[in-house]
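Data block below; observations after.
The values are calculated or read from the model by the stated rules, or taken from the named source; none is laboratory data. In this text, all values refer to a predicted model and were calculated from it rather than measured experimentally. Glycine also receives a Cβ, built like all others from the backbone with ideal geometry; neighbour counts cover every protein chain displayed.
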Amino acid sequence: MSELIQKNDNRATIRWKLLTSASALALTMSVISAANAEDADHPTIWLELSGQLDRQSGQGDPYDPPFIANYPNSTAYKPNSPLTAEKAPLFSEGAGASLSFQPSNSDWVFSASIQYGRANKKRKFSQQTEQAEPSLHEVYFKGFFYTYSSQGYAYRHRLFACCKTYPGGIGSGNYLDAAISVRTSHTILDFQAGKDVGLGLFGSRDSSTISAGVRVAQFFSRSTVWLRARPDESWDHNLYNSGHVLAYPGAFIPTNYDHMFLGTAHSERSFHGIGPSLSWNSSVPFAGNLQSGELDFDWGVNGAVLFGRKKVTGEHHETGRYRAAHLFPSNRYFHTGDFYSNNTPLDRNKSVMVPNLGGFAGISFHYADAKVSFGYRGDFFFNAMDTGWDTQKSETVAFYGPYASISIGLGD
């Protein structure tokens with residue numbers, strides 16, 4: 001009897017195991033079928049268009065000729081410093097586009113993208129200070145004759161007061177004239193193949209794609225500068241005896257001293273590079289659903305190593321002269337000296353390896369086959385540009401700022 005009961009129990013256990021296994025298999029197949037059906041509803045192609053306001057750096061140092069460095073406190077360079085005016089624009093306007101393809105019933109994603117940005121600045125300005133303050137003697141004796149006796153002779157002396165003449169001329173004060181043009185641009189191309197690993201770190205519906213591919217980057221900046229300056233006008237009064245005893249036996253002659261400078265510069269700087277890249281992008285739903293609208297938190301990191309060349313071409317040229325002008329009642333006597341002129345060409349070309357790191361974070365609203373995203377992202381290319389003038393100076397090129405994008409799904 002016990003053996004019969006044991007046999008029946010064994011048969012019941014076997015039937016239960018078979019039923020459980022069949023149910024589990026049916027449930028698994030139904031989940032897979034549902035997943036495949038859901039995947040079949042997903043678009044196979046996504047097209048994304050984006051815009052970005054980039055804060056940029058590493059586009060080139062300002063042209064700093066000696067006549068600016070040697071007169072750092074000159075009133076000619078106030079209120080507008082030429083070094084500040086020459087800097088590249090802080091922000092560039094950027095746009096981007098990407099196309100991704102995910103075959104049906106596959107977790108592989110193939111993508112191509114482009115980012116482009118540019119900035120332009122043109123500026124002309126002139127600034128001039130008032131003529132140097134006259135001395136106490138000039139104020140007191142202006143327009144007056146006075147006499148004194150020496151060795152039995154009576155002399156009449158007259159102080160010739162200076163006056164403003166024409167812009168940039170005698171007695172017009174320190175001044176600066178400037179014309180500046182700066183243009184920058186950048187282009188970044190990415191070609192990648194990735195796999196949706198679906199790690200499920202943040203929930204069952206999050207997506208996480210790890211990709212590898214090739215990145216191509218190109219940076220360019222061009223600047224043209226024209227500066228004319230007189231930074232050090234000064235006045236003195238010398239006792240002058242012309243020999244014309246009856247007319248002007250002696251006079252205090254105002255004498256104007258200054259340096260006149262002209263500086264021009266032109267430079268073109270560039271970097272072209274290509275190399276392997278890696279990226280990890282993830283999207284985590286945190287509110288709503290796809291049927292009525294879903295909010296996702298998006299984030300990603302990227303890195304690359306670019307092999308290429310950075311170049312600098314151009315030249316800068318400076319001229320200067322010293323001038324002393326003695327003002328007579330009817331004419332001016334000019335005395336010049338210490339004239340100099342130099343021209344320095346720029347031509348550097350170097351092969352480099354540039355590490356690149358970047359990332360983004362943002363919020364997106366996902367509804368059906370469309371998505372709108374807002375966030376902040378940045379890319380840093382270390383020591384990618386030569387920003388120096390007479391000597392090489394490596395500087396990191398960076399683009400970072402807010403972005404907005406719209407994505408549309410195509411195909412089933």
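In segment 289-298, which residue that is under 16 Å from S407 (Cα atoms) and part of a strand (DSSP E or B) is modelled with the lowest pLDDT?
G293
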All positions within segment 378-400 that are over 20 Å from F307 (Cβ atoms), in contact (Cβ under 8 Å) with a residue 24 or more places away in the chain and surrounded by fewer than 17 Cβ atoms within 10 Å (Cβ to Cβ): D390, K393
Test: residue in segment 244-256 that is within 30 Å of G362 (Cβ to Cβ), at pLDDT below 75, surrounded by fewer than 20 Cβ atoms within 10 Å (Cβ to Cβ) and of a type outside the set (G, A, S): no
Residues of segment 351-366 satisfying the condition of being surrounded by 15 or more Cβ atoms within 10 Å (Cβ to Cβ) and either in contact (Cβ under 8 Å) with a residue 60 or more places away in the chain or polar (S, T, N, Q) (or both): V352, V354, N356, G359, F360, G362, S364, F365, H366
Failed item in (1) under 30 Å from R348 (Cβ atoms); (2) modelled with pLDDT under 95; (3) surrounded by fewer than 21 Cβ atoms within 10 Å (Cβ to Cβ), with S282 passing the rest: (1)
Residues that are aliphatic (A, V, I, L, M), within 18 Å of V214 (Cα to Cα) and either in contact with a Lys or Arg (Cβ under 9 Å, 6 or more places away or on another chain) or not assigned by TED's automatic domain parsing to the domain that holds L53 (or both), drawn from segment 348-394: V352, V354, A384
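Quick check on F271: is it assigned by TED's automatic domain parsing to the domain that holds P355, at pLDDT below 95, part of a strand (DSSP E or B) and not hydroxyl-bearing (S, T, Y)?
no
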So T336, is it modelled with pLDDT under 95, more than 30 Å from I210 (Cβ to Cβ) and hydroxyl-bearing (S, T, Y): yes
